[in-house]
Every structure is written in C-alpha cells, then in structure tokens.
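**Student:** I am attaching a structure below and will ask some questions about it afterwards.
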Amino acid sequence: MKKSTIVILVVLVLIILYGFTTYNRLVTLSVNADTQWKQVEVNYQRRFDLIPNLVESVKGIMTQEQAIFLALAEARTRYSGAVTADEKASAAAQVEGSLGRLLVVMENYPELRSADTVQTLMSQLEGTENRISVERIRFNEAVRNYNLKVMRVPSSIIASIFGFDERAYFEITESADAVPQVKF
C-alpha cells in the first residue's frame with residue numbers, strides 16, 4: 001500500500017470514530033436532558049401530592065382547636081346570659097365539658113400547634129418550590145449543554161445527519177408572575 005492510501009484510511013477511520021463518539025455524546029446529552037426534565041416532573045408531582053395533604057392537615061388541626069375554643073366561648077356566653085339557676089348550672093356544665101376537652105387536647109398535645117403546623121406548611125411549600133426551581137435550573141443546564149453540542153461545528157454536522165435538533169429551555173409562563181394562594 002502506498003503511504004497516501006494509508007493516510008487516507010487513517011483519516012477516514014478517525015472521521016468515523018469522531019462520528020461515533022459525537023453521536024454517542026449527543027445521545028448521552030439528550031438522555032441527560034430527558035432525565036433532568038423527569039426530575040422537574042417528580043418535584044411537580046411532589047408539590048401536587050404534598051400541598052393538598054398539608055393544607056388539609058392544617059385545616060383539621062385548626063378546626064379541632066377552633067371547635068374547642070368556640071364551644072368554650074359559647075358556654076361562657078350562655079353562662080353570662082343565664083338568668084335562672086338551672087340555666088347557669090347547664091351553662092357551667094358546658095363550660096366544664098369544654099374545659100375538659102381542652103385539657104385532654106393539651107395533655108395529648110402539650111402546646112396547641114396550629115402556629116407550628118402553619119409554619120411547617122409554609123416550610124414545606126418553600127422547600128417544594130426551591131426543589132422545583134433547582135431542578136428547572138439543572139434542566140436548563142442540561143439543555144444548554146446539549147444545544148451547544150448540536151450547534152458547534154463539527155458536531156453540528158453529525159447532529160444534522162442524525163436528526164438531533166435544538167431543545168427548548170424551560171421558560172416561565174405569564175401566569176407564573178402571580179403569587180399562588182393557599183386558602184383555608
């Protein structure tokens with residue numbers, strides 16, 4: 001074989017090897033971007049699963065505490081408005097019953113925790129939103145790495161041959177400017 005034929009074969013082998021490695025790198029970057037988007041979706045699902053449960057938990061605890069305090073306040077009001085001894089005795093029994101329920105709740109829960117529960121809800125909401133934000137950033141970084149490989153020469157030639165197109169970044173929607181509201 002001639003030296004020129006060997007040089008041409010070596011160059012051809014190098015080009016083919018470059019093509020294979022570039023193709024494999026594009027596949028890897030594409031899969032990384034897909035995987036990162038799945039992480040965003042996992043955190044969205046966490047938000048969808050977590051927040052309603054936390055809100056309902058907070059509502060339940062606050063309702064329990066409110067019911068005890070309302071019963072106590074009503075019994076006290078009835079006692080204050082009672083005229084006869086029977087009315088006062090009945091109202092006093094209601095006050096004692098409400099106080100008894102309050103003592104049971106306080107024994108079981110040394111401090112009434114609606115403020116702590118609300119704080120926990122807010123922490124969980126903040127943590128979930130932070131996780132989503134981090135995963136969106138990571139997704140955009142994965143897309144950036146993929147897009148750079150797709151756009152840069154000479155890998156752009158391999159990308160166009162095998163149909164690797166640029167991907168879209170995650171962008172906020174117009175409604176994302178609105179602050180989400182949690183209502184009890």
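**Student:** Would you point out the residue of the stretch 32-46, among those that are aliphatic (A, V, I, L, M) and surrounded by 14 or more Cβ atoms within 10 Å (Cβ to Cβ), that is nearest to Phe162 (Cα to Cα)?
**Tutor:** Narrowing the stretch 32-46 to residues aliphatic (A, V, I, L, M): 33, 40, 42.
Going one step further and asking which of them are surrounded by 14 or more Cβ atoms within 10 Å (Cβ to Cβ), we end up with 33, 40.
Details: Ala33: 18, Val40: 27 Å.
If we take residues in the stretch 32-46 being aliphatic (A, V, I, L, M) and surrounded by 14 or more Cβ atoms within 10 Å (Cβ to Cβ), then Ala33 is nearest to Phe162 (Cα to Cα).
**Student:** Does Met1 count as at pLDDT below 80, more than 25 Å from Arg144 (Cβ to Cβ) and more than 39 Å from the chain's Cα centre (by Cα)?
**Tutor:** Values: at pLDDT below 80: yes; more than 25 Å from Arg144 (Cβ to Cβ): yes; more than 39 Å from the chain's Cα centre (by Cα): yes.
Judged against the criteria, Met1 is a match.
**Student:** With Val118, Val105, Val179, Val134 as the choices, which residue is among the aliphatic types (A, V, I, L, M), modelled with pLDDT under 75, surrounded by 10 or more Cβ atoms within 10 Å (Cβ to Cβ) and under 18 Å from the mean Cα position of the chain (by Cα)? Before the answer, list the steps.
**Tutor:** Numbers: Val105 fails: under 18 Å from the mean Cα position of the chain (by Cα); Val179 fails: surrounded by 10 or more Cβ atoms within 10 Å (Cβ to Cβ); Val134 fails: modelled with pLDDT under 75.
The match here is Val118.
**Student:** Out of Leu17, Leu12, Leu29, Leu50, which single residue is surrounded by 12 or more Cβ atoms within 10 Å (Cβ to Cβ) and within 30 Å of Ile158 (Cα to Cα)?
**Tutor:** Numbers: Leu17 fails: surrounded by 12 or more Cβ atoms within 10 Å (Cβ to Cβ); Leu12 fails: surrounded by 12 or more Cβ atoms within 10 Å (Cβ to Cβ); Leu50 fails: within 30 Å of Ile158 (Cα to Cα).
Checking each option against the conditions leaves just Leu29.
The values are calculated or read from the model by the stated rules, or taken from the named source; none is laboratory data. Because the structure is a prediction, the values reported are computed rather than measured. In this analysis, Cβ positions are derived from the backbone assuming ideal geometry, glycine residues included, and neighbour counts consider all displayed protein chains.
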